[in-house]
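Everything on this sheet refers to the single structure shown next.
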Amino acid sequence: MADEADRLLGEAIEAVVHAVKEALTLVRSMPADQRAFEAATELADVLREAAEAASRLRGETVRGIKNAEQLSLAALAERIGVSKARAGQLAGPTSPKETP
């Protein structure tokens, strides 16, 4: 099941990359006028919203790992391959037990 989900996710990411490249090409092909500016702005807004949603999902996933495995911040950092400070940012506010 995980292999199938990984395959489908890979295909979805490839489709997003292709769609972004196509959208960039289309905007670049427009005359440099108000409509091109509006199209570039719309594309930037959509991509920003998608990036923010992915970032929130990343944080949710990190918190899920931390809670499921009952990891300290240091152990979480090692587990996901980032610094302790970055793990703290991703995991969100620390619990009172972890506050210095």
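The values are calculated or read from the model by the stated rules, or taken from the named source; none is laboratory data. Treat the numbers as computed from the prediction; the structure is a model and nothing was measured. Reconstructed Cβ throughout: ideal geometry from the backbone, glycine too, with neighbour counts over all protein chains shown.
Among the residues making up the stretch 78-91, those that are in a helix (DSSP H, G or I) and over 22 Å from residue 53 (Cα atoms) are 78, 79, 84. Against the list (1) surrounded by 10 or more Cβ atoms within 10 Å (Cβ to Cβ); (2) of a type in the set (D, E, K, R); (3) over 21 Å from the mean Cα position of the chain (by Cα), the condition residue 33 fails is (1).
Filtering 78, 52, 38 for residues that are at pLDDT 95 or above, surrounded by 12 or more Cβ atoms within 10 Å (Cβ to Cβ) and closer than 30 Å to residue 22 by Cβ leaves a single hit, 38. Pairs are defined by a Cβ separation below 6 Å, a sequence spacing of at least 6 or placement on different chains, a first member in the stretch 37-55 that is assigned by TED's automatic domain parsing to the domain that holds residue 87, and a second member that is among the β-branched types (Val, Ile, Thr); the pairs so defined are 39/27; 40/27. Residues of the stretch 50-75 that are of a type in the set (Ser, Thr, Tyr) and closer than 12 Å to residue 91 by Cβ: 61, 72. Which count do you get for residues in the stretch 62-77 that are in a helix (DSSP H, G or I) and either charged (D, E, K, R) or within 11 Å of the chain's Cα centre (by Cα) (or both)? Selection size over the stretch 62-77: 2.
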